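Report on the structure given below.
Please treat every number below as a calculation from the coordinates, not as lab data. Just so it is clear, the model here is predicted, and its values are computed rather than measured. Glycine also receives a Cβ, built like all others from the backbone with ideal geometry; neighbour counts cover every protein chain displayed.
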Amino acid sequence: MQQCTATKKNGDRCAAPAQGSSELCWAHNPLNRTKRVKTASRGGRGKAAKRIQPLWDEIRTVIAGVESERLTPPQGNTMIRGFHALILLARLEIEKAELEIAERRLDLDVEERTELRHRLEELEEEIDARSTMNGHRRLGA
Ligand SMILES: [Zn+2]
């Protein structure tokens, strides 16, 4: 299989295999850009958020326990403090996941800018080539 022709941020040639008829791997193909952002945001944030929901349910059970006098208020307080700490940890994980998503978005923006600069250079070369051709034609006429 052909190797991806893109260059990584550190200047090394990308080692991933090129996909299909493209000269680029999946990650470097600009066509996959939106898909990559979506995949990144689905990852960590969703998982951490799912962990918080059961904790809220536990807290509700504790409150119901105190109300029904199955638990004493001090027992209820201790348990809620514990769940509260777990929720704080899960929220930290969500924040971390969001930072990672933001970082990945920045990486993608850098890739996109590089890609746009390449296209601009190609266009400039083409314009140069055309104006040179026109110049010759004018001279020749
Ligand atoms: Zn690549």
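Side notes on the structure shown:
- Net charge of Cβ neighbours under 15 Å - reference ILE59; Lys, Arg +1; Asp, Glu -1: +2
- Taking 0.36 nm per residue of separation and subtracting the current Cα-Cα distance, fully stretching the chain between ASP57 and ASN77 would add 5.7 nm.
- Proximal charge balance of GLU121 [Cβ under 12 Å; K/R count +1, D/E count -1]: -4
- 5 angstrom amide H check on GLN3, placed H, neighbours 5+ away: ALA18
- Cβ-based exposure ranking for TRP26, TRP56, in which fewest neighbours within 10 Å come first: TRP56, TRP26
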